[in-house]
Structures are given as structure tokens and as C-alpha cells.
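Q: Let me begin by handing over the structure; questions about it come next.
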Amino acid sequence: MYWEDTDAGGVVFYANYLKFLERARTEWLRQLGFEQERLRREQGLMFVVGETRLRYLRPARLDDWLRITVQPLQIGRASLNIAQQAWRGDTLLTEGEIRIGCVGAEDFRPARIPEAILQTLSA
């Protein structure tokens, strides 16, 4: 963790976990072969967060190395429920569930998740 992620006591500020989880989902999609900017540019679609639920179990601190997990729980036609966890070594720090929806980049109306993504996630 960096100074910018922590409070005056060197403890990671609770809202920063949302940024860590977002970055992990972006990298997870990228590893599956789906870059979000390309999705927006070529298909006019993007993913947005619709709901978050987090439980904070232990604090992360300055200079900790975190591992963030991403596990799809429910795959719908226009949304995904994803379980995520933040770990420091063998210690679970934060866990939660994030619901992301696919929307049109221009109008933010719900849109079907591209079939290629659905097939990859269902495999």
C-alpha cells in the first residue's frame, strides 16, 4: 500500500478497497481477453457498478502487499454478481459482493453482455 491509500495512522482508508476491487476486475477481464476500453469503443458498451456489499475484517496497512480475488457468482444476461476478497498473505482482510451491469456507453441503459464474454465466463 502507498501513503495515498492510508489515513494518518497508516491504515488503508476503507473506501480505497473499492478501488482495489475495481482494478482487480479490470485486470481479470483483461486476462480473459476483454479490454473495457475496446468494449466501449467497438461495441458501445461498458460495465458499471450497481451495488456493493463489503465486510471489513482486518486492516491493511502501509507497505502491505494485497492479493485481490475475483470469482463470478451469478452470470445474467445484463449483469454479473462477483465475489471479491482482499488478502494479505493468508489473512482475509475484506470480502464482499459487487454487482456490475452492462450498459450502453451513450445512454447508460441496460444492455446484453456480449456473447463472447458470457461464453468465456460460462466455460
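Any read-out appearing in this document is the output of simple, stated calculations on the displayed coordinates, not a laboratory observation. All figures in this text were calculated on a predicted structure; none of them were measured in a lab. Please note: Cβ atoms are built from the backbone with ideal geometry, for glycine as well, and neighbour counts cover all protein chains shown.
Q: Restricting things to alpha carbons, find the Rg to Rh ratio for the stretch 3-122 using the Kirkwood radius for Rh.
A: On the way: Rg = 15.5 Å, Rh = 15.3 Å.
Checking Rg against Rh, the ratio lands at 1.01.
Q: So for 121, 39, fewest C-beta neighbours within 10 Å to most, what's the order?
A: 121, 39
Q: So what are the stretch 78-123's ellipsoid semi-axes, whole angstrom, largest first, if each one is the square root of 5 times an eigenvalue of the alpha-carbon gyration tensor?
A: 28, 14, 7
Q: Pairs of Cα atoms under 8 Å, at least six residues apart: use those to get the relative contact order of the chain, whole percent.
A: Once normalised by length, the contact order is 25 percent.
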